[in-house]
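A quick write-up on the structure given underneath.
The values are calculated or read from the model by the stated rules, or taken from the named source; none is laboratory data. This one's a predicted model, so the numbers in the text were calculated from it and none came from an experiment. Cβ: placed from backbone, ideal geometry, glycine included. Neighbour counts: every protein chain shown.
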Amino acid sequence: MSRNKMCVWFAVLGFAAVCGFFVGCKGLAIRPTAAPSDVLGPYELDSDGFITDWLVVGPFPNPGDRPDNKGFHVDYLKNYGGEANYVPVNGNEVAKDDKTIVKWAQYQSRHYSRINFFSIDHLGLGYNEEDILVYAGCLLECENDMQLELKIGSDDGYKLWLDHKLIGQQHIYRAAYQDQETYPVKLLKGTHIVLIKVDQDYGSFEFMMRVVTPDGKRATGIKVWN
Ligand SMILES: [Ca+2]
C-alpha cells in the first residue's frame, strides 16, 4: 500500500473512532466542571424520591404582572454561556444586570420535600417578596442506565433543563402540589445535570422535584451531588 493510501486509511479509521466515541456517549451527561473536591455530596433521594439537596442562586428580577411576568423569558445566565449550557457550581458568582453579584450556594431541606425559597438564607429574600426568580441545580449520578420520571410541583412557573436540554416549562401562576407535571426520561449510567428556574409573582414561592420509576416508586441507584 502506498504511503498516501495508508494516510487516507489512518484518517478514515481516526474519523470512525471519533464518531464511535460520540455515538457511544449520546445521552450521557456532560461531566461537572468543578473539581471533584469542590462537589458536595453524595446525597440520597428522600423516602419518596424527592431531591432535597440543591445549589441555588438568586434572586433575579421578574418584573410585570400576570399573565406575563417578564423574567421568565430572560436568560440571566447569558454572560456565562446561557441557561441551556450552564453547569451550577457551588461558590460560582453570577453578576446581575445592576452589577451586583450573587453566588451559587447549597440549600439542604432535611425535613420537607418542598424547597421553600423564603427559607433559604443566602437568597436574602424579604417576607413574601414578589416579582423575582431563582435558579436551582444539582447533579444526578446513575449507577446504571435507567428509565425514570422527573415529577415537578412549582409555585409559580418554571423552566427545566436536563443535560442542557429544555425538557419542560410552565409559564403559570399556581400553588405547588406534588407531581403537577411528569417528564419521562432515560438516564444513562453517569452524571446528569439538572437546572431549574422558578419564577415568582406573589405569595408563596417554592418547588419540589422527585425522581421515580415509571411505576411511581422511589428510584434507587441514584446519588445527588451539589
Ligand atoms: Ca407565588
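When the range 152-170 is limited to residues that are away from the ligand (no atom under 16 Å from the Cβ) and in a loop (DSSP other than H, G, I, E, B), the one that is farthest from Val224 (Cα to Cα) turns out to be His164. Quick check: is even one residue across the range 179-187 assigned to a strand (DSSP E or B), within 16 Å of the ligand (Cβ to nearest atom), aliphatic (A, V, I, L, M) and touching a strand residue (DSSP E or B) at 6+ places or on another chain (Cβ under 8 Å)? Taking every residue of the range 179-187 in turn, none turns out to be assigned to a strand (DSSP E or B), within 16 Å of the ligand (Cβ to nearest atom), aliphatic (A, V, I, L, M) and touching a strand residue (DSSP E or B) at 6+ places or on another chain (Cβ under 8 Å).
Scanning the range 132-151 for any residue that is in a loop (DSSP other than H, G, I, E, B), on the phi < 0 side of the Ramachandran plot and within 16 Å of the ligand (Cβ to nearest atom) turns up nothing. Looking across the range 209-226 at every residue that is within 17 Å of the chain's Cα centre (by Cα) and either of a type in the set (Phe, Trp, Tyr) or not in a loop (DSSP other than H, G, I, E, B) (or both), the one that is farthest from the ligand (Cβ to nearest atom) is identified as Lys223. From the list Pro36, Pro32, Pro42, Pro88, which one is under 25 Å from Glu149 (Cβ atoms) and either modelled with pLDDT under 90 or not assigned by TED's automatic domain parsing to the domain that holds Lys159 (or both)? On inspection, the qualifying residue turns out to be Pro32.
Residues that are away from the ligand (no atom under 16 Å from the Cβ), assigned by TED's automatic domain parsing to the domain that holds Glu141, closer than 30 Å to Ile132 by Cβ and in contact (Cβ under 8 Å) with a residue 12 or more places away in the chain do not occur anywhere in the range 196-208.
Is one or more of the residues making up the range 95-112 under 19 Å from Asp48 (Cβ atoms) and polar (S, T, N, Q)? Yes, the range 95-112 contains at least one residue that is under 19 Å from Asp48 (Cβ atoms) and polar (S, T, N, Q).
Restricting attention to the range 145-162 and to residues that are surrounded by 17 or more Cβ atoms within 10 Å (Cβ to Cβ) and farther than 21 Å from Gly58 by Cα, the residue that is farthest from the chain's Cα centre (by Cα) turns out to be Met146.
Taking the condition within 13 Å of the ligand (Cβ to nearest atom) and surrounded by fewer than 20 Cβ atoms within 10 Å (Cβ to Cβ), does Tyr173 pass? In short, yes.
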